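Everything on this sheet refers to the single structure shown next.
The values are calculated or read from the model by the stated rules, or taken from the named source; none is laboratory data. As the structure is a computational prediction, the values presented were derived from the model and not from experiment. Here the Cβ positions follow ideal geometry from the backbone for every residue, glycine too, while neighbour counts run over all protein chains shown.
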Amino acid sequence: MSLTTLGLELPTDPRWTNIAAMQIGEILIDHAYCEQKAASSCISLIVHYPEKARLVEVLTPIVSEEWGHFQRVLKELKKRDIPLGRQRKDEYAGQLLQLIRNKGNHEEALLDRLLICALIEARSCERFKLLSEALEDESLQKFYRELMISEAGHYRTFIELAEAYLPAQQVRTRWKEFLHAEAEIMKSLTPRGDRMH
């Protein structure tokens, strides 16, 4: 999965992969919470937009899938005798969420929320690919390769949902704005081996 395929403007700093590989326990803990938040985000969209039948239909199985990923990460932690521990602050997602237009147009807020979900899935997909190639543990290589494929599918799903409810040109314009903003956020963050993002 390449940056071009995902649309991301800025590749992950190579230092992140090296640091993450040395702190894989910390990465797994943070990853578990990322999967939990992904499921919660889909539930939140369903709760806020129950009138949108296609959205409800498409996101409901993704909730189950993301929760399944959470359970799989817990198994990897248990294998290594690592407790889940407390959730850490996610600066990356926090900054992305500030881009959402919450006041005014209900449809604009929907567009922003769907595109933020797509962005997070795209970045996760890129990072899972890096881990699948860098880790020495063969079972974790396979684990992250499988999740990379799943996240790529989710990324496309969120874009397609946005295009189902809003004009394609509006979606493309806002997506480009978000891609640029995400690249700037990435530049501002110091690579940390204890965070998935």
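Checking each residue in segment 80-131 for being closer than 19 Å to residue 33 by Cα and of a type in the set (S, T, N, Q) picks out 87, 95, 124. Looking only at segment 147-159, residues that are under 13 Å from residue 115 (Cα atoms) and in contact (Cβ under 8 Å) with a residue 40 or more places away in the chain come to 5 in all.
Which members of segment 158-197 meet the condition of being part of a helix (DSSP H, G or I) and among the basic types (Lys, Arg)? Scanning segment 158-197 gives 172, 174, 176, 187. Filtering segment 112-146 to residues that are touching a residue at least 60 places away in the same chain (Cβ under 8 Å), small (Gly, Ala, Ser) and touching a Phe, Trp or Tyr at 6+ places or on another chain (Cβ under 6 Å) leaves only 122. Against the conditions (1) in contact with a His (Cβ under 9 Å, 6 or more places away or on another chain); (2) within 17 Å of residue 16 (Cβ to Cβ); (3) not polar (S, T, N, Q), residue 134 satisfies every one except (1). Selection of segment 21-42 for residues being within 13 Å of residue 124 (Cβ to Cβ) and either among the charged types (D, E, K, R) or over 17 Å from the mean Cα position of the chain (by Cα) (or both) yields 30, 35, 37. State all residues of segment 80-98 that are in a loop (DSSP other than H, G, I, E, B), modelled with pLDDT of 90 or more and not β-branched (Val, Ile, Thr); if no residue qualifies, say none. Hits for segment 80-98 are 80, 81, 83, 84, 98. For segment 68-81, the criterion of being without any contact (Cβ under 8 Å) to a residue 60 or more places away in the chain, under 21 Å from residue 152 (Cα atoms), touching a Phe, Trp or Tyr at 6+ places or on another chain (Cβ under 7 Å) and crowded, with 16+ Cβ neighbours inside 10 Å is satisfied by no residue at all. Of the residues examined, residue 28 is one that is part of a helix (DSSP H, G or I), within 20 Å of residue 145 (Cα to Cα) and either without any contact (Cβ under 8 Å) to a residue 60 or more places away in the chain or out of contact with any Cys (no Cβ under 6 Å at 6 or more places or on another chain) (or both).
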